[in-house]
Structures are given as structure tokens and as C-alpha cells.
1. Mind checking which residues of the stretch 228-248 are within 9 Å of residue 271 (Cα to Cα) and in a loop (DSSP other than H, G, I, E, B)?
2. Residues in the stretch 123-169 that are within 19 Å of residue 282 (Cα to Cα) and either modelled with pLDDT of 95 or more or part of a helix (DSSP H, G or I) (or both): how many?
3. Working carefully through the options 17, 22, 38, find the one that is touching a helix residue (DSSP H, G or I) at 6+ places or on another chain (Cβ under 8 Å) and under 20 Å from residue 185 (Cα atoms).
4. What number goes with the only condition from (1) modelled with pLDDT under 95; (2) surrounded by fewer than 17 Cβ atoms within 10 Å (Cβ to Cβ); (3) part of a helix (DSSP H, G or I); (4) within 21 Å of the chain's Cα centre (by Cα) that residue 27 does not pass?
5. Return the residues of the stretch 30-65 that are in contact (Cβ under 8 Å) with a residue 24 or more places away in the chain, over 16 Å from residue 193 (Cβ atoms) and within 17 Å of the chain's Cα centre (by Cα); say none if nothing qualifies.
6. What pairs can you find where one residue is in the stretch 211-225 and over 18 Å from residue 299 (Cβ atoms), the other is surrounded by fewer than 16 Cβ atoms within 10 Å (Cβ to Cβ) and at pLDDT below 95, and their Cβ atoms are less than 8 Å apart, with a gap of 6+ or different chains?
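The values are calculated or read from the model by the stated rules, or taken from the named source; none is laboratory data. Just so it is clear, the model here is predicted, and its values are computed rather than measured. All Cβ positions, even for glycine, are placed from backbone atoms using ideal geometry, and neighbour counts span all protein chains on display.
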């Protein structure tokens, strides 16, 4: 079986597995990688970019190498290759868990229970929940759903289309390292620099595809495209900006504004200034938009892999004929 078909069957099965099963409660491979990366950090940490770059290389390179070896070992067995691709896709995707956590916060807000909503919010993002009221929590959830649609679904599928199982694993490793050490705290400002920059590079194509699919899948394509063009560059993150702006326009709401991370207050520009104030019901709308974007991303990634393979075969035939 050709590699492009392995990706098509395996990634589809993996996405269905995520939709049906979500993340496992225990023994998640990504959590195991995080524990291993934490152990490496305890050995290597210095307040220095070079040591942080070594940490990134050891952890991401190790995960990528292990995935490449596994793929190579199974390359002569189509069934095993499809199974490995499916299992890896299921392990690295997090769309179902993302939607589940977002809806849990939304249900608490609808019930008027701010304490529970604040308790659940850290499952989605690193903001200070005690500093947020109901609308602030709803905005944080929608922004997190938008950004993580790219990080936890689309970006992985894009790199899976490019590099198969190693691409899937490598992207998730880089994204996990960024979440662990890539933030601008005093401890990680230098040590996490390499992980943060590598995540910016790895996340670039998935973020643009997520934003484009948000335009296609949302309820207001013109609004999503307008917000993306007008406001994405105002966001401090080169990848979160396009995604959050596109989702804001597609949902017809305003995102951005003042927020707090670890006691540090940030004043971010408003995305989609023509939108309305966000409401609790927009959380469910954002989750549904995320699901549609994920399904379209699977189709786009598989189509891209099949199309690239067909083009290579056609080029080889023409070269042989000449």
C-alpha cells in the first residue's frame, strides 16, 4: 500500500477514534512525553538559551527519532502501518477533550456557578481564573477553543500529511514543549526560547489553514475574512492571531482585550471590532465550529498528501518517458 493511502486510512481512523473516545484518563502518550521532558528539564535547566535549545533538541529529536524508527520497522506491513498511523493520530489529536472541557465551563456558567467555571478553566488555558467574571471566562474559553483547534487538531494533521507518523509526533512534541517551557515567565524566558520559537515555526502552516477553514466553516465568511485581514497582525502571537481573528469574525463576536497570566496583566487589541460582546452560548458555537474545521482539515490534509503523491508519480513517468 502506498504511503499516501496509509496516511489517508490511518488519519481518518485516528480522527474517528478521537471523536468516539477522546483522550484516555490514564496512560496518555503525550502525558508520558511530558513527564520525560520534565525529567530532562530537571537535569539540564540553566537560565540560558543554549541549555534550553539542548533541552528542545533532546526531547523533540528523541520523539521524532522514535517515531521514524517505528514507521521504518513497519513499512513493509500495510496493515501495521495503518494501525500505527491511526493510533498516533488518535494520541496526538485533542479535539474531543477540548470540546468537552469547553462545554463543562459553559455549563457551569449557564448554571450561574462561577466557582466551578473558574475551577475548570485551567484545564483549557493558563489564565488567572479568579481575575475573570462570567463574560471574561466565556471569552477565555472561546479564544482557547480557537487557538487549540490549530494546536491540538489542524497543525498535527498538516504535519501528518507532510511527514506521516514522524510528522504527527514531532509536531505534538514541539507543541507540548512550548506549553511546558515556552511561556515568558522569569524561569523560562531564556530556557524556553528555543521551544517557543520552534513552535512558532511548526505552528505556522496549521494556523493559516485553521484560519482559512474558519472562514469556510463559519456562519459569516465575509466577517471572518475581514477580521483575519484587519486584526490578526495585532495579536502578539503570530499563529494565535489569525486563528482567533478568524473565529471571532465567523462567530460575530469580539475577542481580545485585557487578560492576566500568572499575575501578569496584558492588554491585547480587540479582534473583530465590529462584533458583539461574547455570551455564554458562544462557547457551544465555537466548539461546533472547531469540529467542522477539524473535519475539513482532515479532508484537506489527506487530499494534499494524495495530490502530492500523484504529482510525483506523474513527474517520474514523464521523466522516464523522456
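1. Listed by number, the list holds a single entry, 235.
2. Number of matching residues: 19.
3. Among 17, 22, 38, only 38 is touching a helix residue (DSSP H, G or I) at 6+ places or on another chain (Cβ under 8 Å) and under 20 Å from residue 185 (Cα atoms).
4. (3)
5. Correct list: 30, 33, 34.
6. 223/274
Matching residues to (1) surrounded by 17 or more Cβ atoms within 10 Å (Cβ to Cβ); (2) under 30 Å from residue 265 (Cβ atoms):
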{"position": "96", "(1), (2)": "yes, no"}
{"position": "100", "(1), (2)": "no, yes"}
{"position": "107", "(1), (2)": "no, yes"}
{"position": "120", "(1), (2)": "yes, yes"}
{"position": "124", "(1), (2)": "yes, yes"}
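Residues checked against (1) at pLDDT 90 or above; (2) out of contact with any helix residue (DSSP H, G or I) (no Cβ under 9 Å at 6 or more places or on another chain); (3) surrounded by fewer than 11 Cβ atoms within 10 Å (Cβ to Cβ); (4) in a strand (DSSP E or B):
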site	(1), (2), (3), (4)
270	yes, no, no, yes
286	yes, no, no, no
313	no, yes, no, no
318	no, yes, yes, no
